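The values are calculated or read from the model by the stated rules, or taken from the named source; none is laboratory data. Please read these numbers as outputs of a predicted model, since none were measured by experiment. Side chains included, ligands, DNA and RNA excluded: accessible areas come from the protein's heavy atoms. Shrake-Rupley method; radii C 1.70, N 1.55, O 1.52, S 1.80 Å.
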Amino acid sequence: MEILNQSLFLWLNASEHPPAALVALALFCAKYLILALPLVLTLGWLRGSPSTRQAMLAAAVAAGLGLAVSGLIGQLWPHPRPFVAGIGHTLLAHAPTASFPSNHLTLWWCVALSLLLHPATRTLGAGLALWGLPIAWARIYVGVHYPLDMLGALLLALPMALLCRFAIASWLLRLYELLQPLYQRLFAPAIRRGWVRR
C-alpha cells in the first residue's frame, strides 16, 4: 500500500520545473480555500433559517470532532510527510507533523458532508464536497501530503458527519436551543436593523 501511495504521490506531485500558473493555482487551493469554511459557517448562522443554523452548528461540531480524532491518529501513527521522507518536490513550507490524515481535508469534508446530510443545506454541502477535490490535489501537488492522507480524511469525515446528524442530533438540538437566546441578545442591534436574521 505504501508503494502505491508513493507512486500516486509522485504522479500528482509538481515536476522539477512546474508552470508558474499551475504553482500559483495549487498554492491558492492548498493555503487559502480553507478560509471559506469559517465564512460559510458564520454567514449560514447569521443569515440562515433555524434549520440552516442547526446544520451549521452540526457541521462545526463535526469539524471539531474530526480534527480531534485526526490529531489522535497522528499521535498514535505519526506517518512522515513526503518532504520528511525526501520524496518528490516541496513548494510549500510546512511543519514536519504527521501527514495522515490530512487535517485540512478532514475539516473541509467534515463540514461538507455534515451539510450534505441536512436537507436545508444539501446543495451547499454537495458543492463544498466537490471543492474538496482541488484542495486535495493541491496539497499533494505542493508536496505536503500523500493521496492516502486525503482518502483517510474522507473516511474520517464521514462517520463524524453521520455522528452529528443522527447519533448526537438531540444533544446538538439542545445546544442550539441554548445558543439561540444568547445569539439574539448579543446581536440584538444587528437583528433590529435587519443585518442578520433573528
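Size descriptors for the chain (Cα atoms only): Rg and Dmax, in that order, 18.7, 60 Å.
Residues in the chain average 52 Å² of solvent-accessible surface per residue, probe 1.4 Å, ligands and nucleic acids excluded.
I'd like the carbon and sulfur percentage of the solvent accessible area for segment 1-150, probe radius 1.4 Å, heavy atoms only, ligands and nucleic acids excluded. Percent of accessible area from carbon and sulfur atoms in segment 1-150: 74.
So what's the back-of-envelope 222 nm ellipticity for the chain, counting only DSSP H runs of four-plus at -39500 (n - 2.57) apiece and dividing by all residues, rounded to 500?
About -22500 deg cm²/dmol.
Between 0 and 90 degrees, the angle of helix 36-47 with respect to the longest Cα principal axis of the chain falls at about 10 degrees.
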